[in-house]
Amino acid sequence: MEVREGMSKVVLTLGPGHTLRDAAQRMTEKGVGAAVVMDEEYPGPRIISERDILNSLGRGEDPDSECVADHMSDTLITAAP
């Protein structure tokens, strides 16, 4: 099996200033479980996942005031298709 067989053709990109609610809504609309976060201040791409958002909600944080930047992952494992 090659990586390309499990890849999604839909890629969602967000900025670090988006709220968690906005990220969740956009991820739901696109039918994806994660979004790439791009910003000139950060070297390389980051990612925000459903799990990151759920962890924040589980801690009682407000999705309307929490920003993607505070919950994104910076350790990415990548592979060529």
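The values are calculated or read from the model by the stated rules, or taken from the named source; none is laboratory data. Values in this document were obtained by computation on a predicted structure and should not be read as measured data. In this analysis, Cβ positions are derived from the backbone assuming ideal geometry, glycine residues included, and neighbour counts consider all displayed protein chains.
Do you know which residues across region 1-50 are hydroxyl-bearing (Ser, Thr, Tyr) and within 16 Å of Cys67 (Cβ to Cβ)? If the condition is that a residue be hydroxyl-bearing (Ser, Thr, Tyr) and within 16 Å of Cys67 (Cβ to Cβ), then Thr13, Thr19, Tyr42, Ser49 are the ones that fit. For the criterion of being modelled with pLDDT under 95, assigned to a helix (DSSP H, G or I) and not small (Gly, Ala, Ser), Arg4 passes. Between Ala35, Ala24, the distinction of being at negative phi, at pLDDT 95 or above, small (Gly, Ala, Ser) and in contact with a strand residue (DSSP E or B) (Cβ under 7 Å, 6 or more places away or on another chain) belongs to Ala35 only.
Remark: pairs (first residue in region 48-63, assigned to a loop (DSSP other than H, G, I, E, B); second residue not basic (Lys, Arg); Cβ separation under 8 Å; 6+ apart in sequence or on different chains) = Glu61/Leu20; Pro63/Thr19; Pro63/Leu20; Pro63/Ala24; Pro63/Ile53; Pro63/Ser56; Pro63/Leu57.
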